[in-house]
1. Take peptides B:215-225, B:40-50 and line them up by average Cβ neighbours within 10 Å, highest first, as a rough protection proxy.
2. Considering only DSSP states other than H, G, I, E and B, which trypsin sites (Lys or Arg not before Pro) in the stretch B:72-173 qualify as loop sites with at most 15 other Cβ atoms within 10 Å?
3. What does the structure give for B:295-302 when I average, per residue, the other chain Cβ atoms found within 10 Å of the residue Cβ?
4. Expressed as an acute angle from 0 to 90° and rounded to the nearest 10, what is the orientation of the C-alpha long axis of helix A:179-192 relative to the principal long axis of chain A?
5. Can you give me the distance in nm between label points at residue B:148 and residue B:122, each placed 7 Å from the Cα along the Cα-to-Cβ direction?
6. Nearest 10 degrees is fine. How inclined is helix A:91-106 to the longest principal axis of chain A, computing both from alpha carbons?
7. Evaluate E = 1/(1 + (r/R0)^6) for residue A:44 and residue B:50, where r is the Cβ-Cβ distance and R0 equals 60 Å; express this FRET efficiency to the nearest 0.05.
8. Which aspartates and glutamates have a Cα lying under 12 Å from the Cα of residue A:124, excluding residues fewer than 8 positions away in the same chain?
There are 2 protein chains.
Amino acid sequence: MAAPSEPITRAKPAKRVSIREIARQAGVSTATVSMVLNDNPKITQATREKVRKVIDRAGYQPNRIAQSLSGKYTRVLGVLLPTLRHALADPYFGELISGICDRAARLGHKVTLESAKPDFIREKKHLELFDRRFVDGVLCIGFNDRHVFLKDFAKAGHPMVVVNNQFDSWGVDQVVCDYRSGTDQVMTYLQQLGHTKIGLIHGSPDVFTSRVIIDVFKHRTPELDDTFLEDGHFTEEHGIAATHALLERHPDLTAIFAGNDKMALGAMRALSLRGIKVPEQISVVGFDDIPYSKFVTPALTTVHLPFYEAGDLACERLIQRIRGKNDRINETLSTHLVLRESTGIVPRA
Amino acid sequence: MAAPSEPITRAKPAKRVSIREIARQAGVSTATVSMVLNDNPKITQATREKVRKVIDRAGYQPNRIAQSLSGKYTRVLGVLLPTLRHALADPYFGELISGICDRAARLGHKVTLESAKPDFIREKKHLELFDRRFVDGVLCIGFNDRHVFLKDFAKAGHPMVVVNNQFDSWGVDQVVCDYRSGTDQVMTYLQQLGHTKIGLIHGSPDVFTSRVIIDVFKHRTPELDDTFLEDGHFTEEHGIAATHALLERHPDLTAIFAGNDKMALGAMRALSLRGIKVPEQISVVGFDDIPYSKFVTPALTTVHLPFYEAGDLACERLIQRIRGKNDRINETLSTHLVLRESTGIVPRA
DNA sequence: CTGAAAGCGCTTACAG
DNA sequence: CTGAAAGCGCTTACAG
């Protein structure tokens, strides 16, 4: 009457073998084993093989806590986010973090997640990350100019790179997507379609990239005043509200450009509630190219940002910096427009 | 001619003070400092204060690498995910991980992210996590019955809890949302509205929770055969395809129930492409209550799953288990229906 | 209640 | 090219 599938018996974790035991079995010193482990070229091929054999047989794995204590590195990278909850629920951050983690894994590093809430900063936990040797370096995502604590890392000489945001005057290491070019492409496209009355729903101007979008937009539409702009705070909710506000002021709008896809989705929602057809009556353009943007009706025209690649590159550069490279990191990744269904030629009056 | 904003000068990281230095300054032994640090009750109030003062003045922070090497714990938890990229771009995982990270931080633990790709498993990296002392325990998210490697942790005696999936026959520790009750609520509601021709777009049946939904659905609609079911593989794309397939077979369908919101969103997209009105002609119900579901038009009726709470609870329980608690972890969190706009009374024929 | 000593498991000069 | 020894910065029995 055996149960159809045996529950697993929980064993006591086995005692791990140490480097000393390997040294003993191989008849060498622990120094030699250590050097074999670290591919130190001083070791002869012969002893290298002899020691490897013992290591493999014993299934020995070096304790990385001990390695970190003796050595210089923890081989752990921190990812700092403002609020974890919304950040992680967001495809934008998801791509960024995936890029970081994949690259880190390939370069033999672990990644730890940290949410930099106000009290985290107040208690200087961001510096504790280094002082207590939790990490060798950090990547910062989703912060803005008001987050002055970001300067602390450089001041203290700790490797840190900002991903997909800019703090040019701070002289901080950064990897960003080209928001300027992306915005330029959108404006060119909308103007080619004949649109002149265009509303902009931008993200919070605390964020440098939002300011870039606003800046380019204004340059490309000198005839439009600030009543054509509205803050959508990066969210669907505010995207909806912003759309209503814009349309109250300018019922003759023929296009809405949003600083991210979530706000664009909010705009489409608002337009649909108002019985306005997209793109027949109003065109909508987003920014980011999150997965959902393909699945809404009409599918959203937007700018593709290489978030995964940005995370990947930032991580690679950070590790180089940890290893002693000293040039300032300041990379820009190119972006491109993705045409879908939410945009069309301007309707005739 | 000073620059408007000085770029930061990158300092050399300062030399950290050690416990020995604190001991010297306080005129006690390192053992005493250590005991003060760990709130050991053996220490007198007087010496405790004396030592604390020196610690504060020096801004001393214990090196946690050294602490881990001497002590029993690393105070690091691993979060294991199948594929990072899609997982993190998904609100479902985002909530789960936020719940885990927040709780971990409150209990003084760090969280490291690990993507369990096929070669990760093949190279036994999941056990290396423990063998090399990267973590004290792991939380597993998004796996299914084919991921037999999950048994390895329990076999080796390593603390592991599965979050929001079930492996009942494996006897593994788990924290899950109540899919059974959620599905039951959906079926009751749809049947109250008069629907009898209901199509089910379920997630992959490898996943236990998908099987629960299928099981309840069949029990509640004994008159419907398997042609009313279609696999939507948890994605929007397949949700679209599944909807078309279902409607080809049953043009008289009046309701579609999807095993997650993404597939439900796909269904709405497909219906819209076919010119079918939701909910006037067909009602749509999702599962998960991801943020987007409120912002589509019509807003999606769905089942709310407490993902954040599941992550939080799983993390708390895992830490208890690490600390020596030995009871099997098997918790279920309740779910509830959220009525929005995508459902309505059955249309008369 | 506190101190001296050993030990955690590695790496890294330094001899030879 | 390899070994003996010191050291990384803590914690934990063990004396006293």
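The values are calculated or read from the model by the stated rules, or taken from the named source; none is laboratory data. Everything quoted here is computed from the prediction, not taken from an experiment. Reconstructed Cβ throughout: ideal geometry from the backbone, glycine too, with neighbour counts over all protein chains shown. Heads up: the accessible areas ignore ligands, DNA and RNA and are worked out on the full protein's heavy atoms, side chains in. Shrake-Rupley method; radii C 1.70, N 1.55, O 1.52, S 1.80 Å.
1. Numbers: B:215-225: 14.3, B:40-50: 11.4.
Going by the mean number of other Cβ atoms within 10 Å, highest first, we get B:215-225, B:40-50.
2. Working: sites: B:72, B:75, B:85, B:103, B:106, B:110, B:122, B:124, B:125, B:132, B:133, B:146, B:151, B:155; in loops: B:72, B:75, B:124, B:132, B:133, B:146.
Passing sites in the stretch B:72-173 are B:72, B:124, B:146.
3. Details: counts 13, 9, 8, 1, 1, 0, 0, 0.
Mean shielding count: 4.
4. Here the helix axis deviates by roughly 30 degrees.
5. Inter-label distance under the simple model: 1.7 nm.
6. Here the helix axis deviates by roughly 20 degrees.
7. Details: r = 55 Å, r/R0 = 0.92.
Rounded to the nearest 0.05, the efficiency is 0.65.
8. Residue A:124 reaches A:152.
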